[in-house]
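No value in this document is a laboratory result; all are computed from the given coordinates. Predicted model only: the values in this text are computed from it and were never measured. Please note: Cβ atoms are built from the backbone with ideal geometry, for glycine as well, and neighbour counts cover all protein chains shown.
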Amino acid sequence: MTYRKKILKDIKILSSEITPRSAYLNRRELLRTSAAAAAAVAFPASSATLPNQRGTKLDGVNKSPLSTDTAPNSYEDITSYNNFYEFGTGKDDPVRNAQEFEPRPWSLEITGEAEETGTFNLEDFISPHTLEERIYRFRCVEAWSMVIPWVGIPLADIIKRHKPLSSAKYVAFETLHDPSRMPGQRSRVLQWPYREGLTIAEAMHPLTILAVGLYGEVLPNQNGAPIRLIVPWKYGFKGIKSIVKIHFTEQQPETSWNISAAREYGFYANVNPAVSHPRWSQARERAIGTGLFASRIDTLPFNGYADQVADLYSGLDLRRNF
Ligand code: MTE
């Protein structure tokens, strides 16, 4: 058994929904204490825990200097205009169809080219880490954009704990596949489960996070509860939701949109105003939330994060590797 699993296995902290808040907070304190004791050698003293009550504020969230200073979109914009094909293909389907989804208990499987593989419950996975608020620009491949105050953990911190081998060149991710809980999976609109992937360098980049919340609260189901990927310099479809599996691999992994339409969606999917989608331009974007006639603004290379990430791609032809 790895990490603090031995210590935490009997602490069922996932029942915060049916527990009064005061009792739940005590339990949270217990977890924090146990986690701190067990993690004292390997990890920093602070720890993150994750309640599961909709609208619950997340405690101990640090503001990150990596946030943009642009004002975020409203909570309503961010949680009612979504892409989540597991709950329907319309923008307003996820908010309507994901409300019954129960994202607890939740476990993540870590497999492949790493020393610390296995199945971890979400709390074990999250709790050694400090949560950070990251306000990021978000650019969808459909040429609209938002600014979103995510709460999450640098993916690099999580990856380091699992000790990938030198053969791990890529990280692959999978969403839960359960048509009984995700009704959109009864349709063949995509090949399920939804899959995504990053190079190990992209996954380790300080801007890349696993998000567990937004606007300081637990992540709403329609935004990918309980845990999803955010890579702010890439088109939004890379941000895979409701992740159950993380796999370290030597081979470039298959990705859902590339399987579905390889000419339109490549593996890299870096925001690039100079390379059009075959059916529309990527030079401009509609900033959601700026009124009925939402203003169109110029799309920036790497979604405005070029200073931080362009180095990752030096020597790579970004027209061919779109
Ligand atoms: N993840 C899963 N599992 N299923 C999806 O359909 N849609 C992607 C991405 N992650 C999607 C997904 C697309 S196309 C976008 S633009 C973003 O989620 C939207 O994230 P948001 O709804 O939180 O804005």
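Taking 7 Å steps out from each Cα toward its Cβ at residue 63 and residue 165 produces label points 4.5 nm apart. Pairs of Cα atoms nearer than 8 Å and 6+ residues apart set the relative contact order; for the range 55-269 it is 26 percent. A P(r) calculated from all alpha carbon pairs of the range 99-180, with 5 Å bins opening at zero, reads 3, 10, 16, 18, 20, 18, 12, 3, 0 percent.
Computed from label points 7 Å out along Cα-Cβ, the spacing between residue 130 and residue 80 is 3.6 nm. The modelled label-to-label distance between residue 294 and residue 111, using points 7 Å beyond Cα along the C-beta direction, is 3.7 nm. Between residue 100 and residue 251, the FRET efficiency estimated from the beta carbon spacing at R0 = 30 angstrom works out to 0.20.
For the listed peptides 142-149, 182-189, a ranking on the average number of other beta carbons within 10 Å per residue, highest first, reads 142-149, 182-189. Principal axis analysis of the Cα atoms in the range 155-203 yields extents of 38, 17, 15 Å, listed in decreasing size. Across the alpha-carbon atoms of the range 55-269, the computed radius of gyration and Dmax are 16.0, 44 angstrom.
Packing, as the average of other Cβ atoms within 10 Å across residues, places the peptides 102-115, 83-96 in the order 83-96, 102-115, highest first. Assuming R0 = 41 Å, what is the FRET efficiency of residue 308 and residue 191, from their Cβ-Cβ distance, to the nearest 0.05? FRET efficiency, residue 308 to residue 191: 0.80. Highest mean packing first, where packing is the average number of other Cβ atoms within 10 Å per residue, the peptides 64-72, 222-230 line up as 222-230, 64-72. From the alpha carbon centroid of the range 142-171 to that of the range 234-279 is 14 Å.
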